[in-house]
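To start, the structure under review is shown below, and the notes come after it.
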Amino acid sequence: MPNLSERDKAVIWHPFTQMQTALPPTPIVRGSGSILYGADGREYLDMIASWWVNLHGHAHPHIAQRVSEQLQRLEHVIFADFTHEPAVELAERVLAILPQNQSKVFYSDNGSTAVEVALKMAFQYWHNLGRPRYKVVALDNAYHGDTFGAMAVGGRSAFTAPFFPFLFDVEYLPAPVAGQEEAVLQQAKQLFTDEVAAFIVEPLVQGSGGMIMYEPAVLNELYALARQNGTLIIADEVMTGFGRTGKRFASDYVPEKPDLMCLSKGLTGGTMALGVTTCTQAIYDAFLSSDKSKTLFHGHSFTANPVACTAALASMDLLLLDETQASIERIAAHHAAFSQRLRTYSTVANVRQRGTLLAFDLQVGEQTSYFNSIRDRAYHFLLERGVLMRPLGNVLYLMPPYCTTDEQLAYTYAQIEALLTSLS
Ligand SMILES: *Cc1c(COP(=O)(O)O)cnc(C)c1O
């Protein structure tokens, strides 16, 4: 009987993976807290929250309990003309913690679809008003997902090169990182005309683009400039939502509020696929009409799946506990102290932190790109020591589940320092 890796290789095509050169995947049989257990008995500290989705640890008993109860009650029901308690309660509870101007929830099933829905709402809003706008402004290096609309508003890169001819035109602003704020604002004054339907942004932290961070004040100014001409603001909080940045949402740092918000990843605590797009009353109202053509004709088979909504409710129960907020602050404080140590290494540059997110660049005189070899060295060095991190090119970052213990953090930091020592 072939082992799991061999059976995998025979039938599976993995995401973001060059299958010709990929090493055999690591079989995982179980998870608990921040630890993933391998089939061979090895343990891995999940310091990237399994692609940024896990908030409270793996196989959390509270989420498992509520999901299994819901499974025996109602696994799924069509969401056109029908509704159910988990979807309504989740919408009520999500809106209660979002900026107050968010007033309606539209469900889909992942981050990319949450972005697609936001873009379609924005374009059709202008269409329905009889004042169509066709332009979108986004940031360089943005990542909003892998479906076509989401790719179109993402930064152009090698990842999307085969599809360039099919991606609609977008105008880009550089990320307003420290030192660049004035230049970006000057450029924004030119770009934000009354032809721009929407400005889409990952607030405060651009994730896949390399954990690029910038300050709330400049984002607030960008929002204000966009708003002068009525441009709708889309905050893609798929990664930054639910406590990652220290506050519940990155938008909580910014006085001006977005018109549309996209949520996924941590929404279910990383248990199930679910996406949410929220919007203001004004956007919702632009679709109300006796004229059927003003309807938002969009939906997915698994829209508002009751089991996924229940997982999100259970995750929300945990998120709102005082002890969870205390853990977020505890991790942020440890990260801040570790940042000071990181700054003493000559192989480290650009240490940056926002809440539970800590990132820095490895600097070892090589060309820096996603494809460079320092990335693979760092990845394997840490994995061999039981720490799962997945560098973005030469950018190393930590995004631990909130239940990660002080000991687990200290162990992770020590392995990172061992890596840095080995590189210098
Ligand atoms: C991951 C991500 C997405 C896409 O979400 P998927 O569920 O992977 O489709 C969109 N926006 C941001 C900011 C993300 O980090």
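One residue stands out in the stretch 258-289 among those that are closer than 11 Å to A114 by Cα and in a strand (DSSP E or B): the one that is farthest from the ligand (Cβ to nearest atom), namely T278.
Where strands (runs of 3 or more DSSP E) fall entirely within the stretch 1-120, those with at least 1 residues that are over 30 Å from D285 (Cα atoms), open to solvent by 90 Å² or more (accessible area, probe 1.4 Å) and of a type in the set (D, E) are at 43-46.
How many residues are among the hydroxyl-bearing types (S, T, Y), assigned to a loop (DSSP other than H, G, I, E, B) and crowded, with 22+ Cβ neighbours inside 10 Å when one looks only at the stretch 376-424?
2
Close contacts from the stretch 151-170, counting a first residue that is surrounded by 16 or more Cβ atoms within 10 Å (Cβ to Cβ) and a second that is among the charged types (D, E, K, R) and modelled with pLDDT of 95 or more, with Cβ to Cβ under 6 Å and a gap of 6+ residues or different chains, come to G155/D140. Selection of the stretch 121-136 for residues being crowded, with 23+ Cβ neighbours inside 10 Å and under 22 Å from T160 (Cα atoms) yields only V136. The residue of the stretch 263-299 that is surrounded by the fewest Cβ atoms within 10 Å (Cβ to Cβ), among those that are farther than 11 Å from L98 by Cα and under 12 Å from the mean Cα position of the chain (by Cα), is G270. Among the residues here, A142 qualifies as within 12 Å of the ligand (Cβ to nearest atom), part of a loop (DSSP other than H, G, I, E, B) and in contact with an Asp or Glu (Cβ under 8 Å, 6 or more places away or on another chain).
Of the residues making up the stretch 217-231, those that are open to solvent by 10 Å² or more (accessible area, probe 1.4 Å) and outside any helix (DSSP H, G or I) are N229, G230. Which ones in the stretch 321-348 are over 16 Å from L55 (Cβ atoms) and in contact with a Lys or Arg (Cβ under 9 Å, 6 or more places away or on another chain)? The answer is S339, and nothing else.
The values are calculated or read from the model by the stated rules, or taken from the named source; none is laboratory data. Since we're looking at a predicted model, the values are computed, not measured. Note: ideal-geometry Cβ built from the backbone for every residue, glycine included; neighbour counts use all protein chains shown. Note: accessible area is taken over every heavy atom of the protein model, side chains too, but ligands, DNA and RNA are not part of it. Shrake-Rupley method; radii C 1.70, N 1.55, O 1.52, S 1.80 Å.
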